[in-house]
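Accompanying notes for the structure given below.
The values are calculated or read from the model by the stated rules, or taken from the named source; none is laboratory data. This one's a predicted model, so the numbers in the text were calculated from it and none came from an experiment. Glycine gets a Cβ as well: all are built from the backbone with ideal geometry, and neighbour counts include every protein chain shown. The area values use the complete protein model at the heavy-atom level, side chains included, leaving out ligands, DNA and RNA. Shrake-Rupley method; radii C 1.70, N 1.55, O 1.52, S 1.80 Å.
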Amino acid sequence: MVGYAFIAPILFFFGLFMIVPILWVVFGSFQQGGIITPSEFVGPDNWRSVFGDELVRTTVKNTGYFTLLAIPGVIVAGLVLALALLRVQKGEAVFRAGIFFPVLAPPVIGALMFLFVLHPDFGAVTLAMRTVGLSSPSWLGDPAYALPTVAAFEIWRGAGFYALVFLAGLLALPKELYQAAALDGANTLRRFWHVTLPLLKPTAQFVLVMATVWNLQLFDSVFVLTDGGPVNRTVTVVMYVYRSLFAFGNVGFGYALSMVLLLVILAVSLVQFRLLRSRNR
């Protein structure tokens, strides 16, 4: 009983701020109206609309394409930065703070900075490309470049967090294994491949799952950088949920779509845990 008493406050707030909202959304997904007009029970109509909506399929494709770009990029960038920080001997606190700064900056401020850097007239990237005789494309206005540009911004914004996570994992690795590998004649690349990567699997598993969960919920940077354009090329699932709730007033549809996203995230996370756990065994 004493143990239950200690965890009771956590369970209370978890139920209040997690379980109750989820149950409310599930209930609302079977309703229509509820903001201006009275709510009306419509059964599974909202769910049928979600699976039959063409724009939903577009948002799923956009979100999937974005995650395929952002997750490998942010993991590789975080690992490279962590390995670089591991070799810093002096002023490591300054370098760590500088790498972590994009994570601390509000997403809107970071997106506005990115807009300024990519401005087609006076942006730093545009001026640098003009200096070497290259023409700068419309990074956020061209359908071919818009979503990869957003992915580049998210990689820049999130790499610092994952770098510190990887750095914590690297610092916890036993130094004796590296000494033994060096005595056996293993060079730096072989020590990294046969010692560092296998021992870093638990950390990599955590990073992979968290990066997947966060990137599947992409909203704020797209809202500021492109607002879903051009021609819906960067509309994500969460942005469509936002539009359904606050722009179109289709509350039940937005609730149903958000529940679909939640189920997808849970399914993907479970699959990742199962695969990584089997490989670890």
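Mind telling me which of the residues Leu270, Leu245, Leu257, Leu261 ends up being part of a helix (DSSP H, G or I) and open to solvent by 50 Å² or more (accessible area, probe 1.4 Å)? Give the derivation first.
Numbers: Leu245 fails: open to solvent by 50 Å² or more (accessible area, probe 1.4 Å); Leu257 fails: open to solvent by 50 Å² or more (accessible area, probe 1.4 Å); Leu261 fails: open to solvent by 50 Å² or more (accessible area, probe 1.4 Å).
Sole residue among the options that is part of a helix (DSSP H, G or I) and open to solvent by 50 Å² or more (accessible area, probe 1.4 Å): Leu270.
Quickly run through the stretch 1-33 and pick out the residues that are open to solvent by less than 50 Å² (accessible area, probe 1.4 Å), within 17 Å of Leu245 (Cα to Cα) and not β-branched (Val, Ile, Thr). If the condition is that a residue be open to solvent by less than 50 Å² (accessible area, probe 1.4 Å), within 17 Å of Leu245 (Cα to Cα) and not β-branched (Val, Ile, Thr), then Gly28, Ser29, Gln31, Gly33 are the ones that fit. Taking the criterion of being open to solvent by less than 70 Å² (accessible area, probe 1.4 Å), modelled with pLDDT of 90 or more and among the β-branched types (Val, Ile, Thr), the only residue of the stretch 78-123 that qualifies is Val117. Listed by position, the helices (runs of 4 or more DSSP H) contained in the stretch 107-203 that have at least 2 residues being over 19 Å from Gly229 (Cβ atoms) and aliphatic (A, V, I, L, M) are 107-117, 124-131, 146-171, 175-183. Just one of (1) of a type in the set (A, V, I, L, M, F, W, C); (2) within 23 Å of Asp220 (Cα to Cα); (3) open to solvent by 40 Å² or more (accessible area, probe 1.4 Å) fails for Ile36. It is (2). Among the residues of the stretch 192-227, count how many are open to solvent by 60 Å² or more (accessible area, probe 1.4 Å) and among the charged types (D, E, K, R). Residues in the stretch 192-227 being open to solvent by 60 Å² or more (accessible area, probe 1.4 Å) and among the charged types (D, E, K, R): 2 in total. Candidates are the residues of the stretch 124-149 that are of a type outside the set (Gly, Ala, Ser) and touching a helix residue (DSSP H, G or I) at 6+ places or on another chain (Cβ under 7 Å); the one that is least open to solvent (accessible area, probe 1.4 Å) is Leu147.
I'd like to verify a number: residues in the stretch 101-146 that are in contact with a Gly (Cβ under 9 Å, 6 or more places away or on another chain) and without any contact (Cβ under 8 Å) to a residue 24 or more places away in the chain, how many? Total meeting the criteria: 6. Counting the residues of the stretch 156-190 that are surrounded by 14 or more Cβ atoms within 10 Å (Cβ to Cβ), over 23 Å from Ala70 (Cβ atoms) and in contact (Cβ under 8 Å) with a residue 24 or more places away in the chain gives 1.
So for the stretch 228-238 (the condition being surrounded by 17 or more Cβ atoms within 10 Å (Cβ to Cβ) and either part of a helix (DSSP H, G or I) or at pLDDT below 90 (or both)), does at least one residue qualify? Before you say what the answer is, go through the steps one by one.
If we filter the stretch 228-238 for residues that are surrounded by 17 or more Cβ atoms within 10 Å (Cβ to Cβ), which is where we start, we get 228, 233-238.
Subsequent filtering for residues that are either part of a helix (DSSP H, G or I) or at pLDDT below 90 (or both) retains 237-238.
Checked the stretch 228-238: at least one residue is surrounded by 17 or more Cβ atoms within 10 Å (Cβ to Cβ) and either part of a helix (DSSP H, G or I) or at pLDDT below 90 (or both).
Taken together, the residues in the stretch 228-258 that are under 19 Å from Ile22 (Cα atoms), under 20 Å from the mean Cα position of the chain (by Cα) and among the β-branched types (Val, Ile, Thr) amount to 3.
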